[in-house]
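Just so it is clear, none of the values below were taken in a lab; they were calculated from the coordinates. Computed from a predicted model, the values in this text were never measured in an experiment. Neighbour counts are summed over all protein chains in view; Cβ atoms, including those assigned to glycine, are modelled from backbone coordinates with ideal geometry.
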């Protein structure tokens, strides 16, 4: 399997193997890596995979994309990662039936109580394997709006040859999310709280990644969803959810995904392109509705920091969906020159682009199964309350956004699976507002907000960030 950049014109850059892009993040031309083709999965594979344990299902899917790690090693890494001890159940991602045709897929039983653990735990093991094989070190530079940071840091803490530099928007995460990250005092973990919003953090990551000499000198990599390996790992739970929601491979299923950066739902797009029988991919946004606007109108319009709303589902307070470029690449027939124009100079100049004028846009977007909707604070609080009253289940704010939007797109006879993105304790204030009580807190996180913290508050200054990284590496 070979990988290409979304911005590389044909013949401009040689395709790469998986281990060549594993530690990279952005491609040198600023694009994102995608496989040269999506491997196709037919009825025989679906039939064979249906009864597999999650770790072995992960191996089967990943082995279609990874052919430069020995199969026995890859299988061992999957089995080391996906255990009941780490994720709480043998099913790893158990499906919970709310009512006929409506399900929650539990993705938040890992070490940091968020779906990011599903890929990040594997990424930590892949990184450690590849760095040991090369005899190298890696400095991970990332951005988080809430859950990526803690998932990355818990996966990488203590790993040999790895340092983590994680930016986050100062004061814009929940107290629990901040405590999870900032209370990690491991020498290889560096938390940088940036004065601004998540998009400022994401811009810093891209700016440093685009400085090729700095990136090479300090061995900069990323664990954000721009990293293909992370997105690839997320594809697995779409297959697992499908198998649990159906009894026959002839059935179709829809998935509703709370989405800000488009990474989680992009994995669903990949699964659908592989042949998983997905009817609809429902993109649920909060008040920061850049993605909903696109799927309704064809206009992708980036908001500035001042126009990015601070909401009660803060992990989706994003106005530049960095993974979105991968989908547009497929939507435009893998026209890398056009993609480079849209996401490079065009977006920098105009702050937006419009594909809605193309008469083929509605049919093209529909062909990939995408629909969308948004949820406001009042609606997510009402959804949390309604879900508790009707089903006896407490959900957090992002999952509530998903449940609200899912209801708009349900179809009779087609199961709707909503991806749970975090456990309620991570957003306790909204649970108190909705239900009048604190959510359940796992014992291991008792008093986490009171632990000593280590964090550096900085401006969104690329040169200052580079200087910090350089100093930490000497």
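Just a few scattered comments:
- Bridge type composition, the chain - antiparallel percent by DSSP, nearest 5: 25 percent
- Taken over the range 135-209, the convex hull of the Cα atoms encloses 76 Å³ per residue.
- Estimated at 0.36 nm per residue, the fully extended path between residue 407 and residue 20 surpasses their Cα-Cα distance by 135.1 nm.
- If both residues of a DSSP beta bridge must be in the range 246-361, then about 40% of such bridges are antiparallel.
- Peptides 171-184, 139-152 ordered by packing proxy, namely the average of other Cβ atoms within 10 Å per residue, highest first: 139-152, 171-184.
- Calculated FRET value between residue 349 and residue 310, using beta carbons and R₀ = 30 Å, to 0.05: 0.60
- Taking every Cα-Cα distance in the range 254-380 and sorting them into 5 Å bins starting at zero, the pair-distance distribution P(r) comes out as 2, 11, 21, 25, 21, 13, 6, 2, 0 percent.
- Over 28 Å [Cα-Cα, the chain], rounded percent: 48 percent
- Along each principal axis, Cα extent of the range 171-258, largest first, Å: 50, 35, 26
- Ranked packing of 254-266, 34-46, most packed first, by mean Cβ within 10 Å: 254-266, 34-46
- With contributions of -39500 (n - 2.57) from each DSSP H run of at least four residues, the per-residue ellipticity at 222 nm computed over the chain stands at -12000 deg cm²/dmol.
- Förster-model FRET efficiency, 25 Å R0, residue 90 and residue 414, C-beta, rounded to 0.05: 0.35
- Rg/Rh ratio calculated on Cα atoms of the range 232-296 (Kirkwood radius): 1.00
- Separation of alpha-carbon centers, the range 212-245 and the range 378-457, rounded to whole Å: 25 Å
- Rounded, prolate or oblate (a/c below 1.5 giving rounded, otherwise prolate when a/b exceeds b/c) for the range 77-181 by Cα gyration tensor: oblate
- Per-peptide packing, taken as the mean over residues of other Cβ atoms within 10 Å, places 343-352, 312-321, 237-246 in the sequence 312-321, 237-246, 343-352 from highest down.
- Cα convex hull volume per residue for the range 327-474 (Å³): 234 Å³
- Shown is the FRET efficiency for residue 12 and residue 251, computed with R0 = 35 Å from the Cβ-Cβ distance and rounded to the nearest 0.05: 0.25.
- Inter-probe distance in nm under a simple model that places probes 7 Å from Cα toward Cβ, at residue 393 and residue 474: 5.4 nm
- Share of pairwise Cα separations in the range 383-423, more than 16 Å, in percent: 35 percent
- Put a dot 7 Å past the Cα of residue 125, heading toward its Cβ, do the same for residue 73, and the two dots end up 1.4 nm apart.
- When both the range 265-283 and the range 333-367 are represented by their alpha-carbon centers, they are found 20 Å apart.
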